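Encoded as structure tokens, the structure appears first; notes follow it.
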Amino acid sequence: MRPILMKGHERPLTFLKYNRDGDLLFSCAKDHTPTVWFADNGERLGTYRGHNGAVWTCDVSRDSMRLITGSADQTVKLWNVQKGTQLYTFNFGSPARSVEFAIGDKLAVITTDPFMELTSAIHVKRIAGDSTEQTEESVLVIKGPQGRINRAVWGPLNRTIISAGEDAVIRIWDSETGKLLKESDKESGHKKTITSLTKAADGSHFLSGSLDKSAKLWDTRTLTLIKTYSTERPVNAVAMSPLLDHVVLGGGQDASAVTTTDHRAGKFEAKFYDKILQEEIGGVKGHFGPINALAFNPDGKRYGANKVSLLIYNLLMELDVVVCCVSNEPCLWKVEIYGSTDVFII
């Protein structure tokens, strides 16, 4: 059992997303071309061509029929997953940073960056069942947060929207009126830019990662801080296992800051933490640049981590073991459990 190395992107990856069934993996990158892969064997199924800038984010409908992508070319596109054709293009006056379908796939929340005289904003779009009836009109537009909004996700029952970004504040908004309901406490909250945000499978809590070298677990309804996971590197990506009480943090220094030193100085490993005890329990080495995206397969037994090529790691969760191989050829297996490291030749 070895990691599956998926080669296809020409520039660094920015986002990963599994479909609900866990058999498809969608990847976004700075090379303008979202890609879909078979999760089981890493076979590339196809690409979605049409964007003219870096693609920052994507989401897939629950029936895996439609894909939504957001790009630096100031557009958000709807795609037919199977055919790879564009269904509709939403045009904005600034880059689109984050997208997510609501439960039921009838709404989508989109964030746009500050650009020229435009401020950052959260847009709610109605998604028509028939693409020929799709319109550009926004159901709701929320403005207010300073700086870029890196992530916005739906709260329970689509009643709220949770956002986070450069100002290091997490906010909960009413999804019908746009009213601000709650803000994270400045004392207990993040101190620097929040880079990532992911929800638990049941939606009851969510995890945020920040450049302040920490990740924090929050209650979705009350915005109460539950746990804090401290590390020694900036956190660019976070993920929660849907199977066990494990969280994964990924990040590291910018590649440009460590190009003249050993790659180990960048601290590019993915770190596993016990969700309850907040203790580091393992890690995966082998990356030679910052980790910008992480995603768990819905079955909880595999996760994807990015570099220019995509690696899928199989997890022996019952043993708290992370197994990784540094190449796609016969090689050394490194089985790493904290307190014991063994190397096996396969």
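Side notes on the structure shown:
- In this structure the stretch 13-325 gives 42 Å² per residue of accessible area when probed at 1.4 Å with all protein chains present.
- For Ile226 and Leu157, a Förster radius of 22 Å and the Cβ-Cβ distance give a FRET efficiency of 0.60, rounded to the nearest 0.05.
- Here the stretch 56-173 has 50 percent of its accessible surface on carbon and sulfur atoms, given a 1.4 Å probe and all protein chains in place.
- Calculated FRET value between Leu118 and Asp299, using beta carbons and R₀ = 35 Å, to 0.05: 0.25
- Percentage relative contact order, the stretch 36-119, counting C-alpha pairs under 8 Å, at least six apart: 22 percent
- Annotation for Leu277 and Glu137: the two label points, set 7 Å from Cα along the Cα-Cβ direction, are 5.6 nm apart.
- Computed FRET value (nearest 0.05) for Thr89 with Asp219, which takes r as the C-beta separation and R₀ as 25 Å: 0.10
- Theoretical gain in end-to-end length, Leu243 to Ile103 [0.36 nm per residue, Cα-Cα removed]: 48.3 nm
The values are calculated or read from the model by the stated rules, or taken from the named source; none is laboratory data. Everything quoted here is computed from the prediction, not taken from an experiment. Using ideal geometry, Cβ is built from the backbone for each residue, glycine included, and neighbour counts are taken over all protein chains shown. Heads up: the accessible areas ignore ligands, DNA and RNA and are worked out on the full protein's heavy atoms, side chains in. Shrake-Rupley method; radii C 1.70, N 1.55, O 1.52, S 1.80 Å.
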